[in-house]
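Below: the structure, in structure tokens.
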Amino acid sequence: MLKKRIIPCLDVKDGRVVKGINFTDLKDAGDPVEQAKIYDKGGADEICFLDITASNENRKTLLSKVSETAKNCFIPLTVGGGVASIEDIKNLLLAGADKVSINTAAVKNHNFIKESSIRFGSQCIVIAIDAKKVGINKWEVFTHGGRNSTGIDVIEYAKIVEKNGAGEILLTSMDRDGTKTGYDLELTRKVSNLVSIPIIASGGVGNLDHLYQGFSEGLASAVLAASIFHYGEYSILEAKQFLASKGIPVRL
Amino acid sequence: MYVSIVDYGTGNLNSVSKALEAAAANINKKLSIKISNNPKDILDSDKIILPGQGSYRQCVLGLKNISGLWDSINEFVLIKKKPIFGICVGMQLFSDQGFEEEITQGFGWIKGSVKKIQLNNKDLKLPHMGWNEVSIAKKNDLFVDIKNLSHFYFVHSYAFEAENIDNIICATDYEKPITAALLKENIFGTQFHPEKSQENGIKLLSNFLNWNL
């Protein structure tokens, strides 16, 4: 049976891991390569790097961190943050990423999703959607790390993303991110029911029950979490044992 | 030992190479790895790895686009009869034909076709992506010391439908049995990614390096 995935996410800035509280107050949580090794050994199913300030800062640091991580970890590595061109994707894949996550560039140009999935294969194209609730059962796509509104409806956009060949959707609730109050389950379930590609739930995890809800109520294929793992509140193994005890199929 | 990883512009070859290095180190094997698209390198190799990502058709076109590469792989496999390890679409190319985009002829070494996975349960997603258990249907040299129902990492929407089930040595379950590994004489391939499957994947690569026909 296919197992549900746990993906620790490392938000990386200047080659260091940070995790923002609603994307502002940044705390340092260590070296991404060391963290990735710990997660790999600890049983993470995949690892995700998000270069949160990639649009403005030096990207070479990130590429070297990606390459160093790929030498040490034999599980899939997704890298995102400021990916805007075919060249960016190529550089990340060459450095050792297995998948790239594309956000703003995909919103600006839907054809970029198509172009990149034909060129590199759907399996390595993850489309990151930052969603903000704007009404009852209504969410809007935001870009630039949640700073810019787009007027685009998340549900409509998710269909476009799938149609253009994305392999997966990384769905982040901007309202929940950093709040530790749990995923936006309504949002996650709606999008998951709508498209046939896997959904990664993201934004708001504060405890293990939240991970469970991501699968049981949000119907996600994978859950992404950062701070609950980084600061040692829970290990990946504890999370998996908890999920297994609740009947979620996980790789132990 | 000299192993070539066939480079035809597909996917992340570095991760295959790094995993192969780890696999060689675990069994204290001296290994020289070349990532190459040069037909001479292919023919000089002791073993080759044929990776593959993206669509069946794009992979065939990619291989045929490099002068002499397709023929050299055929010669390596059919005439020299040396070991090949196909990964993901690399394994799918062993078939007669693939149905992705449009019908495309493959190497035709293992009778069968590559077709889109059909699912009745609408809760199941495509691609079939993530860690799934692999059941070993037939005892073989490649899966020595790998437990039955070990987890391996898959990501694909198309599957190999082999005509002769004797060629299927491993299967996984996604509503129905899906070909996870094929073996026919010197021809071996997996639908999953050993280079992304932690210890089990490294062990499988070690076994491939140790494999004597």
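The values are calculated or read from the model by the stated rules, or taken from the named source; none is laboratory data. Predicted model, so just to flag it, every value in this text is computed and none were measured. Note: ideal-geometry Cβ built from the backbone for every residue, glycine included; neighbour counts use all protein chains shown.
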Taking A:Ile102 and the conditions (1) farther than 30 Å from B:Tyr8 by Cα; (2) surrounded by 20 or more Cβ atoms within 10 Å (Cβ to Cβ); (3) touching a Phe, Trp or Tyr at 6+ places or on another chain (Cβ under 9 Å), which numbered condition does it fall short on, given that it satisfies the others?
(1)
Within segment B:118-140, the residues that are more than 8 Å from every other protein chain (Cβ to nearest Cβ) and within 18 Å of B:His193 (Cα to Cα) are B:Val134, B:Ser135, B:Ile136
Taking interchain pairs and intrachain pairs at least six residues apart, which have beta carbon atoms under 9 angstrom, with the first residue in segment B:22-39 and closer than 11 Å to B:Leu209 by Cα and the second part of a strand (DSSP E or B) and not charged (D, E, K, R)?
B:Ala24/B:Val3; B:Ala24/B:Ile33; B:Leu31/B:Tyr2; B:Leu31/B:Val3
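How many residues, within segment B:135-168, are part of a loop (DSSP other than H, G, I, E, B) and among the hydrophobic types (A, V, I, L, M, F, W, C)?
Qualifying residue count for the region: 6.
Quick check on segment A:193-219: of everything there that is polar (S, T, N, Q) and surrounded by fewer than 23 Cβ atoms within 10 Å (Cβ to Cβ), which residue is farthest from B:Leu124 (Cα to Cα)? Spell out the reasoning first.
Residues of segment A:193-219 polar (S, T, N, Q): A:193, A:196, A:202, A:207, A:213, A:216.
From the residues that got through so far, the ones that are surrounded by fewer than 23 Cβ atoms within 10 Å (Cβ to Cβ) too are A:193, A:196, A:207, A:213, A:216.
Working: A:Asn193: 10, A:Ser196: 8, A:Asn207: 27, A:Gln213: 18, A:Ser216: 14 Å.
Taking the candidates together, the pick is A:Asn207.
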Per the filter on segment A:3-24, residues of a type in the set (Val, Ile, Thr) and modelled with pLDDT of 85 or more are A:Ile6, A:Ile7, A:Val12
Name the strands (runs of 3 or more DSSP E) wholly within segment B:1-89 that hold at least 1 residues that are away from chain A (no Cβ under 14 Å), closer than 19 Å to B:Asn186 by Cβ and modelled with pLDDT of 95 or more?
B:2-6, B:47-50, B:84-87
Can you pull out the residues in segment A:67-85 that are of a type in the set (Asp, Glu) and assigned to a loop (DSSP other than H, G, I, E, B)?
none
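Do we find that B:Glu100 is more than 25 Å from B:Ala19 (Cβ to Cβ), charged (D, E, K, R), surrounded by 15 or more Cβ atoms within 10 Å (Cβ to Cβ) and within 14 Å of chain A (Cβ to nearest Cβ) in this structure?
yes
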Options A:Ala29, A:Ala70; residue that is modelled with pLDDT of 80 or more and among the small types (Gly, Ala, Ser)
A:Ala70
